[in-house]
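Peer 1: I have a structure I would like to understand better, so I am pasting it below and will then ask my questions one at a time.
The values are calculated or read from the model by the stated rules, or taken from the named source; none is laboratory data. This is a predicted model, so every value here is computed, not measured. Here the Cβ positions follow ideal geometry from the backbone for every residue, glycine too, while neighbour counts run over all protein chains shown.
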């Protein structure tokens, strides 16, 4: 009999890849998504097209802040929580209420439902944004957590909620702190997406700051592998850094893209964005030792794959339409 698992945020960047992987492994997958308009809902539906065509996949459209979560997760053997309002730069000002609802309230309601399902593990998607600015690299899980953005603050609050429900109700969870995930289906507002689409159109690329800031870039299938391994894990640790081992500067990334695209990019440098940290670098020793996690896709190969996906996506009428929505 197939195991039922639930994936929230199923139509998103990482969520859609995870659904495909879980189907490949023989699971019955219930994907939950509210199809918000943060970017084109039609683009998100394209992400799930392959899953919807496969037996064993069911799509439930609903908002975790209002829907009957207990009904959705009934009979599930595990829950992967990827639904969230993403984006550091948009989390300031009037948009913050949406981040509270999507990242904190939705997580709390999910945990309330899980407390009545003892033993059902939650794999919770968190972010390296919980750490904030640091001069101590690489970042370990016990590193001080002082978020530099409202988005990071909501992701840290969600982690705290997971721990509260573990301590008080025995909810089993593993939180994965992703470090800059990239690859096919990446959100259009993310840096790699903006760079690649501008490169295709010979348009100007806006760089926040001087481009010397560094990130630990993680390919999407490596992030998915971490989710699967965390689901199977039954040890004492609850929080894991998930990085790709490719800590490079933005300028270095742009150099790789120029080689892959075969053309020079038109770079325009502006002010550093509020909430952006200078450097990130994941210490993944705990994930390696406890989960057996090791990234497999290096940065050059990952960028090559993302460019190939965008070339195909933007080459279709539907893709072009969704891109401009």
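So that you can scan it fast, the table gives a plain yes or no per residue for (1) buried (at least 21 other Cβ atoms within 10 Å of the Cβ); (2) at pLDDT 95 or above; (3) part of a helix (DSSP H, G or I):
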{"residue": "228", "(1), (2), (3)": "no, yes, yes"}
{"residue": "235", "(1), (2), (3)": "no, yes, no"}
{"residue": "248", "(1), (2), (3)": "no, yes, no"}
{"residue": "260", "(1), (2), (3)": "no, no, yes"}
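Peer 1: In this structure, is residue 175 in a helix (DSSP H, G or I), in contact with a strand residue (DSSP E or B) (Cβ under 7 Å, 6 or more places away or on another chain), modelled with pLDDT of 95 or more and buried (at least 19 other Cβ atoms within 10 Å of the Cβ)?
Peer 2: Taking the combined requirement at face value, the residue does not satisfy it.
Peer 1: Here is a further query. What are the residues in the stretch 41-70 that are more than 30 Å from residue 313 (Cβ to Cβ) and out of contact with any strand residue (DSSP E or B) (no Cβ under 9 Å at 6 or more places or on another chain), if any?
Peer 2: Result: 65, 66, 68, 70.
Peer 1: Looking at 305, 288, can you tell me which residue is farther than 21 Å from residue 188 by Cα, at pLDDT 95 or above, assigned to a helix (DSSP H, G or I) and within 20 Å of the chain's Cα centre (by Cα)?
Peer 2: It is 288.
Peer 1: If we only count helices (runs of 4 or more DSSP H) wholly inside the stretch 91-172, which ones have 2 or more residues that are within 21 Å of residue 5 (Cα to Cα)?
Peer 2: In the stretch 91-172, 106-114, 150-169 are the helices (runs of 4 or more DSSP H) which contain 2 or more residues that are within 21 Å of residue 5 (Cα to Cα).
Peer 1: Of the residues in the stretch 265-293, how many are in contact with a helix residue (DSSP H, G or I) (Cβ under 6 Å, 6 or more places away or on another chain) and either without any contact (Cβ under 8 Å) to a residue 12 or more places away in the chain or surrounded by 16 or more Cβ atoms within 10 Å (Cβ to Cβ) (or both)?
Peer 2: 4
Peer 1: Which residues, taken from the stretch 42-76, are touching a residue at least 60 places away in the same chain (Cβ under 8 Å), at negative phi and either surrounded by 15 or more Cβ atoms within 10 Å (Cβ to Cβ) or out of contact with any helix residue (DSSP H, G or I) (no Cβ under 9 Å at 6 or more places or on another chain) (or both)?
Peer 2: Correct list: 43, 46, 47, 72, 73, 76.
Peer 1: May I ask you to list the residues in the stretch 217-226 that are out of contact with any strand residue (DSSP E or B) (no Cβ under 6 Å at 6 or more places or on another chain) and part of a helix (DSSP H, G or I)?
Peer 2: Passing the criteria: 221, 222, 224, 225.
Peer 1: Before we move on, is residue 321 at pLDDT 95 or above and at negative phi?
Peer 2: In short, no.
Peer 1: Taking the stretch 198-216 only, how many residues are at negative phi, outside any strand (DSSP E or B) and in contact with a helix residue (DSSP H, G or I) (Cβ under 7 Å, 6 or more places away or on another chain)?
Peer 2: 4
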